[in-house]
Each structure stands twice: as structure tokens, then as C-alpha cells.
Ligand SMILES: Cc1cc2nc3c(=O)[nH]c(=O)nc-3n(C[C@H](O)[C@H](O)[C@H](O)COP(=O)(O)OP(=O)(O)OC[C@H]3O[C@@H](n4cnc5c(N)ncnc54)[C@H](O)[C@@H]3O)c2cc1C
Ligand SMILES: Cc1cc2nc3c(=O)[nH]c(=O)nc-3n(C[C@H](O)[C@H](O)[C@H](O)COP(=O)(O)OP(=O)(O)OC[C@H]3O[C@@H](n4cnc5c(N)ncnc54)[C@H](O)[C@@H]3O)c2cc1C
Ligand code: SF4
Ligand code: SF4
């Protein structure tokens, strides 16, 4: 790599999930400045939504939130949440980046995160909470979840009466409730430009939209859930406080279906999503723990428990009276209050029909909707399925554009340990660029 | 003494289940407390300002914060009080969230408990002593152990970041297992393309010192200032003089079966350790050489036109000083003879996947027709999970690469041996990585047949071998003859892992691979500060994941080097030399090897950089000679006393 002059030893990290956070910390700890751009109002990414994590079953937020606080308070990291990169110019060593900060309508400096505004909001408990996958409700002024970083409220411009109708009663109640006068309905979008020597892309994944497999009835039957929805349902901090139920009823029969939207050419995803076998095993275990007498079935094609401690975990789950059925169902339909599942058991070589109360789909990991657009801005390409493409085979971090590196699931699906290792790797490669410039 | 007490609502997290105002008023009544406040988020900027203002205005000298767990915000509040000029250790946290509001729902009793916790914290706060964090300087270099693809990549990254690296490799050649592969999944590029440039890069980098044919014998010190002793073994060939003409090889009368090539060919007692790597120094195998046996031969020495052969060459011990260490010692391959029922070692038609890699590589190079003995194999079977997912041999784990390398090898057969019949016997097909499922698909499309159910037995049938097992999909037994069977042998911990573990006080996971300190969030760090893991020494993985880890380990290892100094936490053990009798009991319980006996003074001494402040030694010392700063007996007894008085 020829030494190029680096204008500023700053790294830009796009995406504040676990990969982006790890990359930021690794770079910042070495004394370089980091600008971390996150499009959501809080950092944390998908990991914040998980209940427990395989294979050790440690509570996801308990291990994540200290890291979020570390990122939020690191002297070398400027975390710009609710912001997006809109333009990138220049080359390694001297990228000029324009970032759009969306208005929160709440002054970050004044907000103490006390939450009185949300209590006062007339829309309180009316709006579906995205973080809880719509299972819980929130106000129009809100914080995505209690441990969000920054711990600052924001106003949802699509639901706030002031912002949509120009009027909210006699006087907006939130404004009245706020002791520090932090609410500002006149806030405007703002663009800032920064310079950076290297870029780490860590924009993660989207969950496969299970409506694309209509035969499973997702979206039609409320007791067919996606993987992340089920995580929120299990979570102690979730809408049901961790009790597994729908409409207040505890299911006595639960069926998990693997490879939904993965290894499936009919939806255009030939690849394996790498985590869903394991998260299904974990979720089945959580059901067993909370509903000891439930009948639990896992429908699978292959069980891919390949990571460290994974086979051992899978072995443990297998012993928890869980039925493993090889062969994914062809159809799910409703009979009365229950769901009927129909398919062929490929081990027994015979068709089956099973009645159940709840179906959880192991929805796969797909590229971010806006990945292509971001890729174009960055000047990097993607593989046919849409994940960002690495420059060399076997090297998963560098891209074809010098100075731009990949970390986490934006490169391809992976679990948290692999995302974290790769993120540290991206940090190393970014710091090599930055260090060359400094010396 | 002037104590300030701050009770946090944590939004509603605490306030919903604890009457924070009541706790505040309770604290106010304490004789030593001059001020007590409650606030929605003590950790927020306005909350922090409250504390800072009070310290200045009221001249407070101890602070109690009743809030969440200290793992969450102890550091935050220490920073706050030190900004106002107080010693950062004049802080005591009462955890009224995790230990109280989150676990109790009866508001009255939770409030009582919160009061108890606060009064215990006040009691301890009065006895807190000032502590000073220390710093020490860092040797700006790293040691990388293992010269496989992981170790080479990590070494290169560290050097590219501007630091010196010593790369120690046990064998005479760099490259590890990848150097012995043919083409690599999923994109089937040649292994040489991955290894060759990396070998060249580390050999030519000015900041990397490569020490092949060497082993680490001793490691002392701690993060920032490790010192290592490295045994450099002699080649008995002077690398400077030797011009690699190869005359000596012709003269040597001894033939040895080559272990490094999976015993598939012979070499001489003096030999090039690799036949295709650029990094070769000739060497003499002392176990085979007749000169070393009985001095009966010196033909090579007489033949060498350069006079490069030197039977008297001696190994040496080299000392290196480094700031951080990366372990990248890789894996070994499961010994298939342990599965006697599969006939490996008994039938020449049964080989391992690693051997198959060498065969395909040489067939590819020479363009000769693949043959096993005299026959061109037409019916070829691949058997998954040999030595993996198998509790009988003690390896419950999955080896993570064999499904995909089997797909690669099976595809190779279909593409290179016309009208071959290829069957893969599996338990599950785990082709999970980027491009792997596609490779598996491709193999199937090219006519590789997958059968669920690995054979329980392999036996001879004429000039073929017969696989017997049960087809799990059809639920029927099968018996089928093949010309060649390739066993997908798993990855096992490398032989030297155990001794290296002892040398560095690391831990191994139950599966025998090196253990990371946190399986999710710190997959590259070990429990010993300054020592990191890269590649398959931590667990089986493919080249892509190995490389990602190697870059990652380089990042972890250079952080301290970039910082140039390490902070030493002052919350560590201290020895009362007046009481210590040097019995050494504490040394045994210390997991971090922080305690050593000073033989002259017959006293234990403590390495402040190694001590983690875990407290194990305090409770072990029969004489009570060790105490943990910040958790001294009198401080803890005061807490206990306050709790009991609360009743
Ligand atoms: C149901 C389910 C359960 C799981 N359970 C486990 C488990 O138990 N254990 C485990 O190891 N793994 C588990 N996983 C996998 C785990 O979620 C991922 O490994 C991990 O979240 C990957 O982190 P990431 O940072 O790469 O991506 P993400 O978590 O997706 O984070 C990406 C971040 O980037 C932001 N972003 C996206 N686009 C932009 C943009 N254009 N500009 C700025 N910011 C952007 C996003 O808002 C987000 O914050 C599970 C996955 C699912 C679906
Ligand atoms: C048959 C087979 C086929 C494979 N095919 C593929 C493939 O197609 N694609 C793919 O991605 N992966 C493949 N793999 C996996 C690949 O081999 C590993 O990912 C890779 O070798 C890991 O590299 P490493 O550096 O971690 O370990 P290694 O390659 O084992 O290197 C470790 C190095 O450390 C040295 N060492 C060990 N102990 C010490 C010590 N105490 N002191 C000093 N040095 C020491 C060793 O001599 C060695 O040089 C295959 C594996 C096998 C078995
Ligand atoms: S990880 Fe398992 S469930 Fe997910 S796509 Fe791969 S094989 Fe299917
Ligand atoms: S990777 Fe495949 S063959 Fe190897 S142990 Fe795992 S399941 Fe068995």
C-alpha cells in the first residue's frame, strides 16, 4: 500500500450496531477521532432488541448497554445519532463527508431524559413502538428504549399533532411538562461536513420480510411471528415483560420454522443466514424455560450449529423434550383459533399435519434496503444477493475502494462474536491508513 | 467528615419501586451527611453537575451515589468527583437498582432495603482511603506466536501500524495448514495465492523479525512489558553460505518418510523443509541423520561446495521484550486411526481430507491421471464429521470447515475424474458462510450425491472398501463399495496448546482450544491483559474468519502500543510484611500469577500489574496478611455492621 497523505486522522463509522460500536471503540482507544453516524435515534442496532444470546444465554442488553455507554461517553467518539451520510467525496486519507442530522425537535443539550414529556403526551400509548416490533406502544415524543444512548427524547414527526396538524390542544402538553424547555418545534434538518481518512461501513442487516412467503401466513395470522418479534416477546424489558403470550394467552404448543427466506431460491436468497438455526434453538429453550409443559417443535433442513460452544448448546436443547422435525412445512392455515401446519417429514418420508397455538419463523438476514444507494455513494459494489462485496476473496474487510472497510452483517450474515472480531479487524485496517497519514 | 448522598430515580426504573424521597430524607438524618439529593438521572449531565457543584460549595469529602450497578457507572462518577478535585476513590455506590428495585415489587420493603444499602454505603464511605492509579510505559512491539495465515496477517498489520513484531514459528517454514491445501473454498483460488504473498510480505517487512524453527520457552512480565525467551533451533546448515544448489541432497544416503506432507512421500535427512515455499533454509533432521546417530557419515559436508554444513551449530536462546502478545498457534488434524471402525491406516483406499488436498495438488501440478495405487478411482465416498460431533472421541464440537471443504473436494472429483461416482455421507450439511451454500449447490448440480447418515463401519470388499450405515432419509441400511474414501477429519487443538497455556497462564475451553475472555463481546481477548488470540487456536474456523480475527487481534494488540502507557488499577491486594510468613498459600489461589515468594526475605511480593483485585488471596491467607485496597476488612465490617443495625 503506497503511503498517502492523510489530511485528518479521523475515521468515519457508518452504523452504530455492535459492529460499528466495536470498530469505533477500537479506533478511538488508539487515540484517533471517530465520527459515528447512526440513522436511528439510538445506537445499539439489532442486538439491543434481543433477549438472551446464544450459546451462553447471557442477557443481551446487560452486555450491550455498558458498551453503548462507553461509546456515548468516549472522548474520542462523536456519536451522531438520527443522522445519515448523504454525500461522500474524495479518496483514502481525505474523504469529505456530508451528514444530514434529522431534527429531533428536542434540544440534546437541555433534555435530561426524565420522560415527563412522554407521560404528558396526548398520544401516549397510541403509537406502535418500532423497537418492540409494534407489539408495544409509545407516545409521539419518545425514547426508543430505556437504556438508549443518547438518553434523549425525540418527537416522531409522523404522529405528533403539533407537527402534523400544527396544533395540539391549547398548548402542547409535552412542552408544558418539560422542566428544561428542551422541546423546540422549529428545529430544522441540518447538514454538516467532516473530513475523514478512512471509513468503516457497519450498517448491518434487515430482517427478511416473511410476507414474501405467503404460504406461512405471516401478516395474516397474528400468531405467526418473525424472529425479532419473538425476541421482543421474550424480553424482560419487552412489551409483555418477558411473558410469552399473545392476546394475554400463554401458548401451549409452539412451532419454530427454520430457513424462512434463506436457502430458498423462490425468494431469491440462496445463501444461509448463519444465525437462525442457533437463535431458534435458543428461543425454543426460552419457551421450555417459561412454559415447562409446552409442546415445542422445530422444523428444519439442516441444523447448523457450527460455532464455538454451539453444538454443545444444541445438544442441551435437544434434551429438553423438543421435537425436531426435518422438513419445512409447505403451508400454514387457520383452523378455529389454532394454526394448522402441513408438510412432509423427510426423515420419516411421510406427510404431517400439526396443530399449534404459535408459530415462530426463523426469518433470515437480508441486506439493508438502502444498501445499494449507500454502496454507490461509497463507490463499493455488492454481491448478487446484495451484501457489500469485499475486495479479495477470503479477506472480508477491505473493499475495492481503498480506505473503505466492512464490519458486521452488512458484509454477510454472522453472529455477534464474528461481527465483533471482524469489527476489530476493520478498526485495525482503518488505523493503518490513519497511522500512515500521521507519520 | 462531610458526606454527600445522591439518590437516582433512573427514570422510573428505581422510582417506581423505591420511594426515593424517603431514602433521601433517611440519608439526610445521618450525622455525617451534610447534603442528600434525589434526581431523575444522576448519570446525565445535569445530574453530574449537581454533584460537582455540591462538592465545591459544601466542600464535601466523600460521595455516596445510590443508583445502578457500579459496573455501569462507577467510572462515570469517579470522573465526576475527580473533576471537582476529590480523589476518585472517595466514592461509594449503593446499587439500589439491580440489587433492589428491579428484583422487588413490594414498594415499602424495597424502600427499607434501599435505606439499608445506603446506610451501608455511608458507613464504608467514611473509611475510604485515597488511591492513585499508576501508569507504566509500554515496549512498542508485539510477539506473534505461530506463523500460519493468522499469525502472518496479524504480524503484518501490527508492523503496518508502525510497530516492531517478532514472529515465532515452530516449524522451519511459514504458512501453516493453508500452505498444504490445494484450492480453497468457496471461490476455489489456489492456496498458494493466499500464502505466497503473505510469506513474502512478512519476510520483507523491515519491522518484522521472523524466527522460524523456534519456540517460546518462557514468558515473564505483564502487559506493556513482557519479556520472552525464544529457543532458536539449529539448522546445521549455514543459511548465509548455502546457495541452495541441492548437492547435499544427492549425497545423503538416508530416506525418511515426510511427516509434514502427511507421510505421503520420502525425503532425505538433509532437506528443504518445503518444496514450494520461497522461505526455505535447508536443514538436517537430527533424528534421521547418521552423523548424529553414530558419526558414521559426513557425505553432505564433504559434498557441499560452499562448506555450509556445520554439525556443530548450536541453538541459542534469544530474549525479546514486547508490549503485547498474539497467540496464533492454529490447530492440528484429528487422528483418524482413533476411529478404528473406519479403517484408516488399515486400507490404503481410506485417506484423510488433508491427504486428499496434497493428492489433488500434485495431480493438478503434474496433470497426471489420479491414481490410488494402480487404480483410477471412480467411485469415491466422502464421510463427514470424522472426529467431530462425536462424544465417543471426546470432541462434541463441530469443526466448522469440513462440510464446505468436502463440497469443494467432491466437486473437484466430479470436474476432474470423468464418469466418477461421488457420494457424500453427512449428518447435517453446514455450509453457512458467504458463498458456501452456493458451492454446495454447485457440487450437487455437478452430480455429487448427498446421503444423510454417516457410515458406522468400513471394511474390505475385494479391491474396494465397503461403507455400511443407515440412510436416515430412507430409514434403510446401506452397504456400498468404493475405490476411495476420504474422511473429513476435524480440527483439534494444537499439540502445544497445553504447555503454551501454562507458560502464559491462559485458559482453555472445555473443547481444548484457547479460551477467550468473553464469548460475545471480547472474542479475541484472553483473561490475561495484553495477550490476544487469532485464528484456529481459539476454535475451528475457515480462512476468511481466521483472517478477520487476525486483523482484529492486531487491532487489540496495537491499542496498548498506540497508547504508549498502561494504567494500573489501584484496587489491588497489598501485603502486610509484618504479618506475612511466606507460606505461599496465596500463590496457589491466585489465578493471575500476581504473587511470588521473595526467597531472600521469605515474604510474598505482589506484581501490581498482574493483580486484578479479585480478592481470592485475602480470604486464603491464614494470617490475614493480605488485604484488598478499597475492600479492607474494616471497610467491609463497617458495612455489615450498618446493615445489621438497620434491622
Ligand atoms: C431473531 C434474531 C436473533 C438473534 N440472536 C442472536 C444471538 O442470540 N446471538 C448472536 O450472536 N447473534 C444473534 N443474532 C444476530 C445478531 O443480531 C447480529 O450478529 C448482530 O446484530 C450484527 O450486528 P451489526 O452491527 O452487524 O448489525 P445491526 O445490529 O443491524 O446494526 C447496524 C446499525 O447500523 C445502522 N444503520 C443501518 N443503515 C445505516 C445508514 N445508512 N446510515 C447510518 N446507520 C445505519 C442501523 O440503524 C443499526 O443501528 C440474532 C439475529 C436475529 C434476527
Ligand atoms: C483438509 C482441510 C481443508 C481445508 N480447506 C479449506 C478451504 O478450502 N478454505 C478455507 O477457508 N479453509 C480451509 N481449511 C481451514 C484452514 O486450514 C484453516 O482455517 C487455517 O489453516 C487456519 O489458519 P491458522 O493460522 O489459524 O492455523 P494453522 O494453519 O494451523 O497455523 C498455525 C501455525 O502455528 C505454528 N505453531 C503451532 N504451535 C506453535 C508454537 N507453540 N510455537 C510456534 N508456532 C507454533 C504451526 O506450525 C503453524 O505454522 C481446511 C482445513 C483442512 C483440515
Ligand atoms: S442458519 Fe440454519 S436456519 Fe438459518 S438459513 Fe442457515 S440453515 Fe437455515
Ligand atoms: S463442519 Fe460439517 S463435517 Fe465438519 S464437523 Fe461440522 S457438521 Fe461435521
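When the expected Rg is taken as 2.2 N^0.38 Å, what fraction or multiple of it is the alpha-carbon Rg of segment B:247-303?
Numbers: Rg = 11.3 Å, N = 57, 2.2 N^0.38 = 10.2 Å.
Compared with the compact-globule rule of thumb, segment B:247-303 sits at 1.11.
Round to the nearest 0.05 the FRET efficiency obtained for residue B:227 and residue B:286 when R0 = 35 Å and r is the Cβ-Cβ distance. Don't skip to the answer; put the middle values down first.
Values: r = 29 Å, r/R0 = 0.83.
Plugging the Cβ-Cβ distance into 1/(1 + (r/R0)^6) gives 0.75.
Per q in 0.09, 0.12, 0.21 Å⁻¹, report the Debye log10 I(q)/I(0) for segment B:490-647, using one uniform scatterer on each alpha carbon and no solvent.
Debye curve over Cα of segment B:490-647, log10 I(q)/I(0) at q = 0.09, 0.12, 0.21 Å⁻¹: -0.43, -0.70, -1.26.
Using a 10 Å cut-off around each Cβ, can you sort B:17, B:331, A:382, A:181 from fewest to most neighbouring Cβ atoms?
Working: B:17 22, B:331 26, A:382 18, A:181 9.
Ordered by Cβ neighbours within 10 Å, fewest first: A:181, A:382, B:17, B:331.
Any idea what the relative contact order of chain A is, in percent, if you count C-alpha pairs under 8 Å spaced at least 6 apart?
Values: 995 pairs, mean separation 87.8, N = 439.
Result for chain A is 20 percent.
Which order results if A:184, B:255, B:542 are arranged by neighbouring Cβ count within 10 Å, fewest first? Provide the component values of the computation, followed by the final result.
Working: A:184 15, B:255 12, B:542 20.
Listed from fewest to most nearby Cβ atoms, that is B:255, A:184, B:542.
Apply the a/c threshold of 1.5 to the C-alpha gyration tensor of chain A and tell me whether it is rounded, prolate or oblate.
On the way: a/c = 2.08, a/b = 1.26, b/c = 1.65.
Oblate, because a/c is 1.5 or more while a/b does not exceed b/c.
Using the number of other C-beta atoms within 10 angstrom as an exposure proxy, rank B:7, B:219 with the fewest first. Mind dumping the intermediate values first?
Working: B:7 29, B:219 21.
If I rank by nearby Cβ atoms, fewest first, I get B:219, B:7.
Count the DSSP beta bridges whose two residues both fall in segment B:332-492, then state the antiparallel fraction as a percent rounded to the nearest 5. Walk me through the numbers on the way to the answer.
Values: 16 of 34 bridges.
The antiparallel proportion sits near 45 percent.
Any idea how far apart residue B:588 and residue B:567 come out in nm if each label point goes 7 Å out from Cα toward Cβ?
3.6
How far apart, in nm, are two points set 7 Å out from the Cα along the Cα-to-Cβ line at residue A:293 and at residue B:298?
Those two pseudo-labels are separated by 9.0 nm.
Rounded, prolate or oblate, given the Cα gyration tensor of segment B:168-290, with a/c below 1.5 counting as rounded?
Working: a/c = 1.79, a/b = 1.17, b/c = 1.53.
In terms of gyration-tensor shape, oblate.
Mind pulling the per residue volume of the convex hull built on the Cα atoms of segment B:3-131? Å³ is fine.
On the way: hull volume 10.9 nm³, N = 129.
So the per-residue hull volume is 84 Å³.
Can you give me the Cα centroid spacing of segment B:1-43 and segment B:307-350 in angstrom?
Centre-to-centre distance over Cα atoms comes out at 62 Å.
For the protein assembly as shown, evaluate the Debye formula with one uniform point scatterer on each Cα (no solvent term) and list log10 I(q)/I(0) at q = 0.05, 0.06 Å⁻¹, rounded to two decimals.
So the normalised log intensities work out to -0.37, -0.54.
What angle, in degrees between 0 and 90 and rounded to the nearest 10, separates the Cα long axis of helix B:70-83 from the longest principal axis of the Cα atoms of chain B?
60
So what's the projected area for segment A:93-154, the Cα convex hull averaged over all directions, in nm²? Working shown, then result.
Working: hull surface 24.1 nm².
Taking the Cα atoms of segment A:93-154, their convex hull projects to 6.0 nm² on average.
Output needed for chain B: three equivalent-ellipsoid semi-axes, defined as square roots of 5 times the C-alpha gyration tensor eigenvalues, in descending order, whole Å. Spell out each step's value before the answer.
On the way: eigenvalues 713, 221, 89 Å².
So the equivalent ellipsoid measures 60, 33, 21 Å along its semi-axes.
For segment B:403-561, calculate the relative contact order in percent as a whole number, restricting contacts to Cα pairs under 8 Å that are 6 or more residues apart. Please report the intermediate quantities before stating the final value.
Numbers: 213 pairs, mean separation 19.3, N = 159.
Relative contact order comes out at 12 percent.
From zero up to wherever the largest Cα-Cα distance of segment A:207-364 sits, split into 5 Å bins and tell me the percent of pairs in each.
Calculated over all Cα pairs of segment A:207-364, the distribution is 2, 9, 20, 23, 23, 15, 6, 1, 0 percent.
With an 8 Å Cα cut-off and a minimum separation of 6 or more residues, compute the relative contact order for chain B in percent. Don't jump to the answer; show the numbers that get you there.
Details: 1363 pairs, mean separation 87.2, N = 647.
Relative contact order, chain B: 13 percent.
Going by Cα centres, segment B:427-462 and segment B:240-257 are how many Å apart?
43
Helix B:402-416 sits at what angle to the longest principal axis of chain B, using alpha carbons and giving 0 to 90 degrees rounded to 10?
Between helix and principal axis, roughly 30 degrees.
What's the FRET efficiency of residue B:49 with residue B:75 using the Cβ-Cβ distance as r and R₀ = 22 Å, to the nearest 0.05?
Efficiency, from the Cβ-Cβ distance: 0.80.
Full-extension gain between residue A:209 and residue A:346, please, as 0.36 nm times their residue separation minus the C-alpha to C-alpha distance. Write out the running numbers ahead of the final one.
Values: separation 137, 0.36 × 137 = 49.32 nm, distance 2.63 nm.
Value of the extension gain: 46.7 nm.
Could you give the alpha-carbon Rg of segment A:225-264 over 2.2 N^0.38 Å, rounded to two decimals?
Relative to the 2.2 N^0.38 Å estimate, segment A:225-264 comes out at 1.32.
Just the Kirkwood number for segment A:343-388, please: inverse of mean 1/r across all distinct Cα pairs, in Å, one decimal. Mind dumping the intermediate values first?
Numbers: mean 1/r = 0.0696 Å⁻¹.
About 14.4 Å for segment A:343-388.
Translational diffusion coefficient of segment B:500-557 at 25 °C, 0.890 mPa s, Stokes-Einstein with Kirkwood Rh over Cα pairs, in µm²/s as a whole number.
Details: Rh = 11.4 Å.
Roughly 216 µm²/s, to the nearest whole number.
Let me know the shape class of segment A:1-113, please: from the alpha-carbon gyration tensor, a ≥ b ≥ c as square roots of the eigenvalues, rounded when a/c is under 1.5, otherwise prolate if a/b is greater than b/c, or oblate.
It is oblate, given that a/c is not under 1.5 and a/b is not larger than b/c.
Kirkwood hydrodynamic radius (Cα pairs, Å) of segment B:67-145? Spell out each step's value before the answer.
Numbers: mean 1/r = 0.0662 Å⁻¹.
It works out to 15.1 Å.
For helix B:353-366, report the angle its Cα long axis makes with the longest principal axis of the Cα atoms of chain B; keep it between 0 and 90° and round to the nearest 10°.
With both axes taken from Cα atoms, the answer is about 50 degrees.
Over what distance in Å are the Cα centres of segment A:54-111 and segment A:272-298 separated?
Their Cα centres are 32 Å away from one another.
At 25 °C and 0.890 mPa s, what whole-number value in µm²/s does Stokes-Einstein give for the translational diffusion of segment B:291-351, with Rh from the Kirkwood sum over Cα pairs? All intermediate terms of the calculation are to be shown ahead of the outcome.
Working: Rh = 17.8 Å.
Result for D is 138 µm²/s.
The numbers here are math on the coordinates, done by the rules we state, and not lab data. Since this is a predicted model, take the numbers as computed values, not measurements. As a convention, Cβ positions derive from the backbone with ideal geometry for all residues, glycine included, and neighbour counts pool all protein chains shown.
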